[in-house]
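This is the structure I want to talk about, given as structure tokens.
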Amino acid sequence: MNAIEKIAGIFSKFPGIGPRQSKRFVFFLLTKGNDFLDELIELLNKLKNEILMCDSCRRFFPAGPKKEKICNICADKNRDSSILMLIEKDTDLENLEKSGIYKGHYFVLGGNISVFEKNPEEKIRSKELVKKINESVKSGLKEIIIATSLNTEGENTMEFLIKLLGAMAQKNSIKISTLGKGLSTGTELEYIDSETIKNAIQNRH
């Protein structure tokens, strides 16, 4: 296997990228000069060395010189510690923050669970989530909002989370809610506009 095939194989692992498109990416890179490729290599190294995963919410964030382990959202004392929103991926968090509507804390699940998954607890950060909730209880956690996408995987993930957290929530008098159904079926949180997000959060149940 040559370099073109190897790099195309890497690109094909990206979300929504098939074999033909991944090959196009490789040939695009081959048409660029050395300066472009050198800059890309430098940025990839920075991505590896300067972007860390938050120990609390599990989102990726640009760390400062001190290599902080907690992101700016989790470190913000003005955030509402009584609410925790569970989301599938970092881009969902970015969209919610851009809307400026939600002021609580987050936990990034790192994916979703397909219907026929045999080991669902391994497809998302189940252990880390339980740890996060136990820590949040001490800070006055009162509500967990499950904000998964309105597609088959998202609905299945929501059902798994309700079962996973049910006993813990009941024991600690924590309400489990889901986003309002003003969202269209098949919608991913990443692409929802601010007004729709606002209605979905306000009308959660």
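None of the figures in this text is laboratory data; all of them are computed from the coordinates on show. Model, not experiment: these values are computed from the prediction. Because the Cβ atoms are built from the backbone with ideal geometry, glycine has one as well, and the counts that use them run over all protein chains shown.
Name the residue that is surrounded by the fewest Cβ atoms within 10 Å (Cβ to Cβ), counting only residues in segment 111-132 that are among the hydrophobic types (A, V, I, L, M, F, W, C) and closer than 14 Å to Leu86 by Cα. Write out each step before concluding.
Our first condition is that a residue be among the hydrophobic types (A, V, I, L, M, F, W, C); within segment 111-132, this holds for 113, 115-116, 124, 129-130.
Retained after the next criterion (residues that are closer than 14 Å to Leu86 by Cα): 113, 124, 129-130.
Values: Ile113: 26, Ile124: 24, Leu129: 22, Val130: 14.
Among residues in segment 111-132 that are among the hydrophobic types (A, V, I, L, M, F, W, C) and closer than 14 Å to Leu86 by Cα, the one surrounded by the fewest Cβ atoms within 10 Å (Cβ to Cβ) is Val130.
Within segment 133-145, how many residues turn out to be crowded, with 21+ Cβ neighbours inside 10 Å and within 16 Å of the chain's Cα centre (by Cα)?
Kept after step one, since they are crowded, with 21+ Cβ neighbours inside 10 Å, are these residues of segment 133-145: 136, 141, 144.
Right, trim to within 16 Å of the chain's Cα centre (by Cα) and you get 144.
Of the residues in that region, 1 qualify.
Return the residues of segment 69-84 that are assigned to a loop (DSSP other than H, G, I, E, B) and closer than 21 Å to Arg125 by Cα; say none if nothing qualifies. Show your work before the answer.
Step one: filter segment 69-84 for residues assigned to a loop (DSSP other than H, G, I, E, B), giving 69-71, 76-79.
Within segment 69-84, Lys69, Ile70, Cys71 qualify.
Please identify the pairs in which a residue from segment 42-54 that is at positive phi has its Cβ atom under 6 Å from the Cβ atom of a residue that is assigned to a helix (DSSP H, G or I) and surrounded by 11 or more Cβ atoms within 10 Å (Cβ to Cβ), counting only partners at least 6 apart or on another chain.
Partner pairs satisfying both residue conditions: none exist.
Could you list, in sequence order, the residues of segment 77-125 that are on the phi > 0 side of the Ramachandran plot and within 10 Å of the chain's Cα centre (by Cα)? Reasoning before the result, please.
Kept after step one, since they are on the phi > 0 side of the Ramachandran plot, are these residues of segment 77-125: 100, 110-111.
Once the filter is applied, which keeps residues that are on the phi > 0 side of the Ramachandran plot and within 10 Å of the chain's Cα centre (by Cα), segment 77-125 yields Gly110, Gly111.
Filter segment 17-45 down to the residues that are basic (Lys, Arg) and surrounded by 11 or more Cβ atoms within 10 Å (Cβ to Cβ), then identify the one that is farthest from Glu128 (Cα to Cα).
Per the stated criteria, the residue is Lys32.
Would you mention how many residues in segment 118-143 are out of contact with any Phe, Trp or Tyr (no Cβ under 9 Å at 6 or more places or on another chain) and either within 20 Å of Ile192 (Cβ to Cβ) or acidic (Asp, Glu) (or both)?
Counting residues in segment 118-143 that are out of contact with any Phe, Trp or Tyr (no Cβ under 9 Å at 6 or more places or on another chain) and either within 20 Å of Ile192 (Cβ to Cβ) or acidic (Asp, Glu) (or both) gives 3.
Evaluate segment 147-160: report whether one residue or more is without any contact (Cβ under 8 Å) to a residue 24 or more places away in the chain, farther than 17 Å from Ile201 by Cβ and surrounded by fewer than 18 Cβ atoms within 10 Å (Cβ to Cβ). Spell out how you get there, then give the answer.
The initial filter retains those residues of segment 147-160 that are without any contact (Cβ under 8 Å) to a residue 24 or more places away in the chain, namely 155, 158-159.
Among the residues that remain, those that are also farther than 17 Å from Ile201 by Cβ are: 155, 159.
After this cut, where a residue has to be surrounded by fewer than 18 Cβ atoms within 10 Å (Cβ to Cβ) as well, the list is 155, 159.
Yes - at least one qualifying residue is present in segment 147-160.
A follow-up question, please. Out of all the residues in segment 106-141, which are touching a residue at least 60 places away in the same chain (Cβ under 8 Å), of a type in the set (D, E, K, R) and either over 22 Å from Asp90 (Cα atoms) or not in a helix (DSSP H, G or I) (or both)?
If the condition is that a residue be touching a residue at least 60 places away in the same chain (Cβ under 8 Å), of a type in the set (D, E, K, R) and either over 22 Å from Asp90 (Cα atoms) or not in a helix (DSSP H, G or I) (or both), then Arg125 is the only one that fits.
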